[in-house]
Each structure stands twice: as C-alpha cells, then as structure tokens.
Amino acid sequence: MPRILELFRHYEIHATWATVGFLFFDNKGDLVKNLPALKPDYSCSRLTPYSDISNIGENEDRDPFHYARSIIDKIAGEPNQEIATHTFSHYYCMEKGQDIKAFRSDIEAAVAIMKKFGLAPESMVFPRNQVNPGYLNVLEEYGITSYRGAPWFCVGKEESFFSYVRAAARLLDTYVRIFGHNAYSYETIQRSIPFNIQSDRMLRPYSRRLSMLEPLRLRRILSDMEFAARRKRVFHLWWHPHNFGVEQERNLGFLKKILVHFAKLRELHGMMSSNMSELSRELMQARSAESL
C-alpha cells in the first residue's frame with residue numbers, strides 16, 4: 001500500500017480507500033466495546049466476523065492482519081486521498097438473515113469510529129458490491145452522499161449457479177469487450193442521491209496462468225479510459241489493494257502503465273482524477289446551480 005500511495009502521489013491520483021470499521025481500532029478491548037448494538041444473523045454463519053474476534057491478537061503489533069491504524073494514518077496523511085466506509089464489519093446487504101435494522105446499526109458504528117479519527121465518511125463501498133436499494137436511505141441519514149454501484153456481473157453473493165455465471169462473465173470481460181465501455185455521463189450519475197458512482201472496471205491482479213493475455217487486459221482498460229476521456233465521462237477503476245501483495249512488481253508495473261496513460265489523457269483531453277467525495281461535491285453543486 002505505501003508503494004501504491006507513492007505512485008498516486010507521483011501521478012497526482014485522487015483515490016478513495018474504502019475501509020471497514022474493524023481496522024480502525026488500536027486494540028481488541030476498544031473493538032469489543034464499540035461493536036454494533038445489532039448484528040446480522042446470516043443464514044450462512046461463516047459470513048459473520050464476530051465469532052472470530054476471540055481469536056485475533058491484542059493489537060496491531062501482535063496482529064497486523066486485523067488492525068490497520070498505522071496504514072489508515074498514512075493514507076490520511078497523503079494528498080488527495082479519501083477514506084470512505086466499507087461498513088463496520090464487511091456487512092453483506094443481500095444475504096439471507098440480515099435486515100435493514102442491523103445494517104443501520106453497522107453503519108452507525110462505522111461512522112462513530114471514523115469520527116474519533118476526525119473523519120466523516122461521505123462515500124460508501126458495499127462489500128461484494130451487494131447494493132441493496134432499500135438501504136440507500138440509511139446512507140443519507142449518516143451524511144454519505146455516494147456509493148460505488150456495479151454491473152450485475154460484478155455483484156458477489158454466496159455460491160450458486162448464477163455466481164459461476166457472473167464470475168465467468170467478469171473474467172471474459174477483463175480481456176474482451178463483452179459489455180461495452182461502461183463509462184457513465186455526469187448527467188446519469190447526477191439523477192439520484194446518494195450518487196451511484198458506478199464501477200467501470202475491476203483491476204484484476206496478475207495471473208501466471210493467464211500471463212499470455214496480459215496485453216489484452218491492458219488494452220481493455222486503456223481503451224475504456226480513452227473512451228471516457230474523449231467523451232467527458234466518468235471512468236471508475238477499482239481493486240482490492242491486497243490483490244497486489246503477490247507478484248508485487250508485475251502488479252505495480254501494470255498499474256504504472258495505466259497511470260502513465262492517464263497522464264497522457266490528462267494532457268490531450270483534460271481528463272481529471274477525482275475521488276468519490278470530490279466528484280459528489282461537484283455533482284451536488286451542479287444540481288444546486290440547476291435548481292436556481
């Protein structure tokens with residue numbers, strides 16, 4: 001993650017880092033004291049993280065996999081970086097057993113711990129892209145003005161026949177333009193609040209098995225960016241930072257090629273980099289101006 005931040009600083013990239021509330025705590029005692037009042041009762045018990053709390057370490061020094069205070073501080077100290085919420089507990093909004101009351105309790109806990117950091121989340125990324133339309137009003141209640149939507153094939157749910165169909169579609173679309181460019185106009189995003197800043201492309205990590213297809217993977221992303229830049233549309237690239245943990249040099253080298261292309265598009269077509277909260281504020285101002 002420090003290496004990603006270094007690239008972002010060099011190429012002046014504005015990014016949103018969606019972070020679960022669990023990672024903000026200094027120690028297990030504080031975490032346990034600040035758990036949500038209501039918790040999801042998933043039909044699939046392995047989805048809940050709460051049963052595993054007793055097994056984690058006491059703090060970041062002893063267990064860096066379950067605490068991230070130092071990394072959050074580093075992100076917050078960098079220019080142009082936004083820390084958004086990824087819910088408190090990596091909450092799954094479309095799985096059986098959970099409901100809107102437990103979701104509201106989860107978001108309340110996530111917002112509360114961020115406020116202790118001096119942060120007020122304006123953006124939200126739903127875990128596994130499970131956007132539940134019935135829950136969007138809860139985001140508004142807590143001042144969250146945007147979320148990352150996703151096309152149908154990027155929504156992850158518990159294993160079923162359709163989960164395999166979605167996975168196959170995602171993989172194919174990584175290399176071949178199956179579903180078009182998916183870049184969205186400002187007018188489309190502006191239609192409803194919270195703003196749906198739809199994801200256009202997931203940056204998959206390097207795969208040795210599919211290494212021969214790397215030129216296609218890169219061309220797919222760069223052509224999407226070109227399309228968006230020429231038409232003044234929004235292109236939203238996303239990934240999980242930990243995906244770069246293996247094959248770091250190849251993954252970071254691939255990212256650098258994308259950022260070099262962005263710099264070219266910025267010079268030729270005026271393409272800009274914005275994080276989700278910045279784009280939301282811009283869209284909000286445009287709505288206000290239109291209503292005058």
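The values are calculated or read from the model by the stated rules, or taken from the named source; none is laboratory data. Note that the structure is a prediction, hence the values are computed from the model and not measured. Glycine gets a Cβ as well: all are built from the backbone with ideal geometry, and neighbour counts include every protein chain shown.
For this structure, a couple of remarks:
This table checks each residue for (1) over 22 Å from residue 248 (Cβ atoms); (2) assigned to a helix (DSSP H, G or I); (3) touching a Phe, Trp or Tyr at 6+ places or on another chain (Cβ under 9 Å).
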site: 4; (1), (2), (3): no, yes, yes
site: 29; (1), (2), (3): yes, yes, no
site: 35; (1), (2), (3): yes, no, yes
site: 43; (1), (2), (3): yes, no, no
site: 46; (1), (2), (3): yes, yes, no
site: 83; (1), (2), (3): yes, no, yes
site: 97; (1), (2), (3): yes, no, yes
site: 102; (1), (2), (3): yes, yes, yes
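- Test: residue in the range 95-102 that is within 15 Å of the chain's Cα centre (by Cα) and either farther than 14 Å from residue 195 by Cα or surrounded by 14 or more Cβ atoms within 10 Å (Cβ to Cβ) (or both): no
- Residues of the range 115-127 satisfying the condition of being surrounded by fewer than 21 Cβ atoms within 10 Å (Cβ to Cβ) and not small (Gly, Ala, Ser): 115, 116, 117, 119, 127
- From the list 214, 187, 226, the lone residue that is loosely packed, with under 13 Cβ neighbours inside 10 Å and charged (D, E, K, R) is 187.
- Among the residues making up the range 184-214, those that are charged (D, E, K, R) and part of a loop (DSSP other than H, G, I, E, B) are 191, 200, 204, 208, 209.
- Search result, residues across the range 233-261 that are surrounded by 13 or more Cβ atoms within 10 Å (Cβ to Cβ) and either of a type in the set (Asp, Glu) or assigned to a loop (DSSP other than H, G, I, E, B) (or both): 233, 235, 236, 239, 247
- Residue 18 passes every criterion in (1) of a type in the set (Gly, Ala, Ser); (2) in a helix (DSSP H, G or I); (3) crowded, with 18+ Cβ neighbours inside 10 Å apart from (2).
- A Cβ distance below 9 Å, combined with a sequence gap of six or more or placement on separate chains, defines the contacts here; from the range 64-82, residues that are closer than 11 Å to residue 119 by Cβ and free of Cβ contacts under 8 Å to residues at least 40 places away in the same chain reach no residue that is part of a loop (DSSP other than H, G, I, E, B) and basic (Lys, Arg).
- Total residues in the range 53-92, condition exposed (fewer than 13 other Cβ atoms within 10 Å of the Cβ) and touching a Gly at 6+ places or on another chain (Cβ under 7 Å): 0
- Of residues in the range 30-54 being in contact with an Asp or Glu (Cβ under 9 Å, 6 or more places away or on another chain) and not hydrophobic (A, V, I, L, M, F, W, C), the one farthest from residue 95 (Cα to Cα): 36
- Qualifying residue in the range 216-231 (condition: at pLDDT below 95 and among the aromatic types (Phe, Trp, Tyr)): no
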